[in-house]
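Report on the following structure.
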Amino acid sequence: MSAKRVSAIAVALVAAFLFAACGGGSSDSSASGSSSGAKAGGTISIQGQDANDHGTKAATSGSSVEVEMDDYYFEPTVITGTAGETITLDLKNNGSTTHNFSLPSQKISEDLSPGDTKSVTVTFPSSGTALFVCKFHASMGMRGGLL
């Protein structure tokens with residue numbers, strides 16, 4: 001194989017690698033798998049539903065995690081922990097409209113007006129993902145998950 005042909009193949013491989021590494025659209029990871037949450041503003045899939053991705057945070061048993069509710073996302077969007085662990089979520093509505101934190105599998109539903117804060121205690125599911133939503137804005141991607 002000629003040096004010219006090897007160079008052309010090398011350039012093509014580098015270009016393909018850079019294209020794949022940079023991506024070309026939204027992030028689509030499944031919360032039944034995991035979410036990197038590396039860049040805010042994309043979307044991820046949680047239980048087959050689109051969610052506005054604003055990061056992932058790991059939690060430990062007994063800890064508290066601050067969850068920002070804004071127009072129209074939760075930050076962090078995904079909270080990871082160990083099955084059966086209980087944590088406190090400190091909810092704060094930084095948005096311009098009333099938002100809601102609903103975790104149907106644990107019968108939690110809290111409405112927060114702009115500027116309000118509330119705390120809720122949640123438990124990580126024994127398997128899979130527990131989906132939480134804003135009941136007012138879920139159709140706009142305001143969803144998240146406990147994983």
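The values are calculated or read from the model by the stated rules, or taken from the named source; none is laboratory data. None of these values were measured; they are calculated from a predicted model. Heads up, the Cβs are rebuilt from the backbone with ideal geometry, glycines too, and the neighbour counts pull from every protein chain shown. Surface areas here come from the heavy atoms of the whole protein model, side chains and all, with no ligands, DNA or RNA. Shrake-Rupley method; radii C 1.70, N 1.55, O 1.52, S 1.80 Å.
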For region 75-94, enumerate the residues that are among the polar types (S, T, N, Q), touching a residue at least 40 places away in the same chain (Cβ under 8 Å) and in a strand (DSSP E or B).
-> Thr80
Is there a residue being open to solvent by less than 10 Å² (accessible area, probe 1.4 Å) and either within 19 Å of Asn52 (Cα to Cα) or basic (Lys, Arg) (or both) anywhere in region 80-87?
-> no
Here the residues within region 117-139 that are assigned to a loop (DSSP other than H, G, I, E, B), open to solvent by 60 Å² or more (accessible area, probe 1.4 Å) and more than 20 Å from Thr80 (Cβ to Cβ) are Lys135, Phe136
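Taking region 53-67 on its own, how many of its residues are assigned to a strand (DSSP E or B) and open to solvent by 40 Å² or more (accessible area, probe 1.4 Å)?
5
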Condition set small (Gly, Ala, Ser), out of contact with any Asp or Glu (no Cβ under 6 Å at 6 or more places or on another chain) and farther than 24 Å from Pro114 by Cα, scope region 48-96, selection modelled with the lowest pLDDT: answer is Gly62
